[in-house]
Each structure stands twice: as C-alpha cells, then as structure tokens.
C-alpha cells in the first residue's frame, strides 16, 4: 500500500512539474502556435490553388408508373435502395463519362483549352448518396467555379437517359441543378490555420518538456534531496553583487584569507 501511495505521489509531482514547465514557457509556446498558423495561412492563401465544387442532385425511382402517378410504395422504396449503388457505379462508368465529355465539349466550345475528357471527369467527379435519402448527388470540382457548374449540369442533362438506357428499368428525376459556387471548396483556410496553430503549439511544448526532462543538472536543494533521499543540512547562498558592493565583498574575502 505504501509503495502504491508513493507511486501515486510521484505521478502527481510529475504532472505538476509538466504543468509548471508549460506555464513558465507559455509565451514561447503561444507565439510558436501563432507563427505556424500564420505561415500555414499564408501558404494556403498564396500558393495552394483554389478549387470550386458544384453539385446536382437526382431522385431515384423504380417504375415509370411512380413518376406518372406521384405515389410510391414501400416495396418501391426498397427497390430504389438496391438501385442506388448500381446507379452510383453507372454514373462514373466509362461509357457515361465518354458521353458527358463529348456532349460537354460540343455544347461548351469556350472551354476548349481545358481539354475535358473521360479521365479528367473521373478525377474531378464524385457521386454520393446523402444520408437517409433516395437521392444521388453528383459533385464536380475544378479550378473554375463556372466550369464546375456547367459540367455538373451536363451530368444532370444526360445522366437520366444514360441510366435508363443501361438498366432498362426505373429512372432518375432531377431535383436540383448546379449553381455557380460563391467561394472555393478547398483549401479551407480556417481549418489549415487551426491545424497549424495546434501543430506549432504541441511541438514547442514537447520541445520544452523534453529539454527539461533530459537536463540532468541539479538546480535546487529539493532536487538533491529527491535524488539522494538524504536530508539537506544546509545550503550556500549565491551572492550576486556589482559595483561598490562587489568591491567590498572582495576586500572582506581577502582579509579573511590573510587572517587564516
């Protein structure tokens, strides 16, 4: 029991030492976090290319009757769930991407320099299913906001027919067409700055802790007593003097040496 209590006290002392070290260096630690956050923010703003994401959403239905009557049964909902993953794969299939690239280049000659092809569409397009819905969301990310919106709307225009052509069942209804994004989707300046601040803060804090714990120099009588487990009988004070006071101490010390 005594050993357990001793170990517990040592942990508490160590934690107290850690806290004391961090408090004594808090200005440097905080300054490091701010400087790293500032550096990361500047790099993010000036050197990382901005990307813009535009999205269109589509509703999945399983029968033509459902689209005409506007009603849907429980079995049709289950069927739609089963079709969603199939539709996700179809949207990013080579045949569909080839069609989208061909139609986009024909309808938007102003983007000829971008060289939109199926492989570039594959890299810039993501297909997701919002949680708890029967929707498919097609998102396109490029370095131009209007280009992203135009490609996404090309998907919205031609994907429904392509899905029906391939599956020979069900269909897709457009819920929302893409709009030109107001701001970039990446990089996230705020998030990067926060991560930079945390990284700078932690790294400098760890540096001071390691420097303190790797330093084997004994500075206080308490450290002597802790290491040797022997009581300290007395200490010799350090005298710091300057000017006339220092000269007086020097004369007194010489007189004592001569008398001896």
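Mind counting the residues in segment 104-126 that are in contact with a helix residue (DSSP H, G or I) (Cβ under 7 Å, 6 or more places away or on another chain) and over 15 Å from residue 149 (Cα atoms)?
3
Can you say whether residue 202 is closer than 30 Å to residue 15 by Cβ, at pLDDT 85 or above and either over 27 Å from the mean Cα position of the chain (by Cα) or outside any strand (DSSP E or B) (or both), as far as the supplied structure shows?
Here the answer is yes, as residue 202 does meet what is asked.
Got at least one residue in segment 23-31 being modelled with pLDDT under 90 and assigned to a helix (DSSP H, G or I)?
Within segment 23-31, none of the residues are modelled with pLDDT under 90 and assigned to a helix (DSSP H, G or I).
At pLDDT below 90, closer than 30 Å to residue 176 by Cβ and in a helix (DSSP H, G or I) - does that describe any residue in segment 47-65?
So far as segment 47-65 goes, yes, one or more of its residues are at pLDDT below 90, closer than 30 Å to residue 176 by Cβ and in a helix (DSSP H, G or I).
In this structure, is residue 240 at pLDDT 90 or above and in a loop (DSSP other than H, G, I, E, B)?
Taking the combined requirement at face value, the residue does not satisfy it.
The values are calculated or read from the model by the stated rules, or taken from the named source; none is laboratory data. Please read all numbers here as calculations on a predicted model, not as lab measurements. Cβ coordinates were reconstructed from backbone atoms using ideal geometry, including for glycine residues, and neighbour counts include every protein chain displayed.
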